[in-house]
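Here is the structure we will look at.
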Amino acid sequence: MARLLLDFGAHADGPLRDEYSGILSDYKFGEQLRSPLFLAAETGNERLVRLLLENGADPNISALDLLEKNHTTHADSGGYICRPLSVPQILKWYNFHYDDSAVRPLTVIPLQAASGLEDATLANLLLQHGGTINPRHGTSPLAIAAFHSRSETVRLLLDCGADVNAVSGYCWGFSALEGAVHAQNIHIITLLLEAGADINQCSPRQGGRTPLQLAAEMGNRSVIQHLLDRGANLVADLAVDGGISALQGFVEHHDLENVGRALAAGVDPNMCSQHARSPLTAAVAHGYTDLTQLLIQSGADVETPASVSIDALDPRNRRRGRRLQLRPLAWAAATGDMKSLKLVCEAGADINAEWEGHTALTVAAAAGHAHVIEYLLEHGDARTLDSIWEALRTSISENHVTATRQLLRHAVNRNLNFTAAQGSKLLEKACFRGHLGMLELVLTEGAHMSVDVNDAQALGWLCGYKWTGNAWREAISLLLHHGRRVNCRAATTDTALQQAVMKGDYEMATRLLQLGADVNAPPSTRPYGRTALQAAAEQGNVHLVQELLSAGANVNAPAGPRCGVTTLQASCISGHLRITQILLEHGADTDAEPSPNYGLRAINGAAAMGRLETVKLLLDNYDGPRPKRDLCRSALKDARICDQWHVVELLEGYQG
């Protein structure tokens, strides 16, 4: 097929020509911006590579060269101007992303694609046809061959004069030696070093590494030893942005021997690496007490906050957008490792120190480590009201009942009395998290926490998605058992009865009515607020509607202020014909005013939803002040907008 296309005039370089450079910006960076020769080389198709070369394919053509020369961009003042863009800008334009710290090659010319193949035949063929061995863009072919452990190709490229230390400063730039270290191929590492590779070269890219730093990060001790034997520098500087020290890698992989060697060589134990990681926090967070002790003895600062590379805390506790940074003592509290905790404390760490709102006590409470909490309470000045309250709030949020009980006991023993606002916040956390055991503990110990069981917002907190079915019912029962008034609510929350109806809990609704729940309590001021009867009608619960009407529910209660409905509007819009009949029998207003925000009259809502039988029922029972023709005209607009043509036909032909 390729030969046929070439015979009929297809160009061997496809669209990658100067005359077509103006249309390249219409494509994403992908196969559309690769030459046919590149794709043939990438797939290892020798016959196709030879065919394209015989027909004049350029072995060095790259879309990046054309785009860099001809790319069009917006001027600051508006309009368009033509100006060259840098390669990183072009790749960003095409949503081409790389992890800054990842060692990954970028291939844009055929020789780069061929260098990663098992066989060196295609690489040799491209070199014979003038392939550039040290290209301007992308990763060097030698680095790609080393990255993929292609020894034969590495030898070929070295013999042909490849620059053994070539590396670009872009995000995909890494040296051949760095690629060999990533592949953990000692044979290729030796080959490159003998060819003159710089053993201490640090890639200039963001997240660059020296070969030793990369080997330490990967934890391959045989590669590390090989590099050290060849003279790798333990105290090499880090990359400008996103670097990692060899010591950091040694600690994270629990390489005690090399940690000692690095410290003896003068490596700073307080050097922070990528993502603000430090050796001491890594040792503490991993529970490496031997390394923790060694680093402290070598001068590591026990007060410097840093992040770690593991989830020592639940991801919910991380700061959005970046890694959570804590002091070493707080990381020890997070992992629950008492040995590391005591080592850091004995080194002079301040138990009560705070960093970005976190103390060791609050972190231990978040993790639920009761033994750590006990130690911190005994050895720290944790007797202040605010410190205990913050830890309590955290343990309640994470549903750690044992830790919460322990903190409460300490507060009682210290005669700490929380304010009403603090008690309200604790009740809020217990209600919101959906844990019955925690809610019961907070209510039982409420007197010690200034918890008001009749807090107006409590029922609103129980509306959270975590409370469903029997759990919600038991939570309401707990509140009532501990003295909550059945009609206590805030203007922005539903009453217990309204919640029960919305959840379709007939049993709880009946119980609340027996306890004196106000059947006509107004809807909440939040969007979609409903009275109990409005909610029952909307859900289509005939038995509950009849129960509420028997209890004296107002069938014509006004709609809520935001997206509200009257009872009749709710049943008509939802299409519950039997409930609509019941409501009309009880005197429901067929033309009641809708909610001022996103409301519809009963007939308009029924027409818009295509409720044909409901529309006819409303017209047959209409007794409002407006003429019936005006009623039909208004409903017709909504029916037409919603393409309810059967309703349109009914309204147009209706004879009142």
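Observations on the structure shown:
- As a summary of the residue check, ILE476 satisfies the conditions (1) touching a Ser or Thr at 6+ places or on another chain (Cβ under 9 Å); (2) part of a helix (DSSP H, G or I); (3) within 20 Å of GLU428 (Cα to Cα); (4) of a type outside the set (Lys, Arg) except for the one numbered (1).
- From the list LEU66, LEU39, the lone residue that is aliphatic (A, V, I, L, M), out of contact with any helix residue (DSSP H, G or I) (no Cβ under 6 Å at 6 or more places or on another chain) and modelled with pLDDT of 65 or more is LEU39.
- Any chance LEU416 is surrounded by fewer than 21 Cβ atoms within 10 Å (Cβ to Cβ), outside any helix (DSSP H, G or I) and in contact with a Ser or Thr (Cβ under 9 Å, 6 or more places away or on another chain): yes
- Candidates ILE224, ILE144, ILE189, filtered to the one that is surrounded by 22 or more Cβ atoms within 10 Å (Cβ to Cβ), in contact with an Asp or Glu (Cβ under 8 Å, 6 or more places away or on another chain) and hydrophobic (A, V, I, L, M, F, W, C): ILE224
- Conditions (1) in contact with a Lys or Arg (Cβ under 7 Å, 6 or more places away or on another chain); (2) modelled with pLDDT under 90; (3) surrounded by fewer than 18 Cβ atoms within 10 Å (Cβ to Cβ): number failed by ALA491: (1)
- Condition met for GLY56 (under 17 Å from HIS129 (Cβ atoms), assigned to a loop (DSSP other than H, G, I, E, B) and modelled with pLDDT of 65 or more): yes
- Residue selected from segment 236-260 under the condition in contact with a strand residue (DSSP E or B) (Cβ under 9 Å, 6 or more places away or on another chain) and closer than 15 Å to THR210 by Cβ, by the criterion modelled with the lowest pLDDT: GLY242
- Scanning segment 171-228 for residues that are of a type in the set (Ser, Thr, Tyr), farther than 24 Å from VAL251 by Cβ and in a loop (DSSP other than H, G, I, E, B) yields one hit, SER175.
- Out of ALA353, ALA411, sole residue that is at pLDDT below 90, touching a His at 6+ places or on another chain (Cβ under 7 Å) and among the small types (Gly, Ala, Ser): ALA411
- Scope segment 519-534; condition of a type outside the set (A, V, I, L, M), under 17 Å from GLN457 (Cα atoms) and more than 37 Å from the chain's Cα centre (by Cα); matching residues: PRO522
The values are calculated or read from the model by the stated rules, or taken from the named source; none is laboratory data. Keep in mind it's a predicted model, so treat the numbers as computed, not measured. Neighbour counts are summed over all protein chains in view; Cβ atoms, including those assigned to glycine, are modelled from backbone coordinates with ideal geometry.
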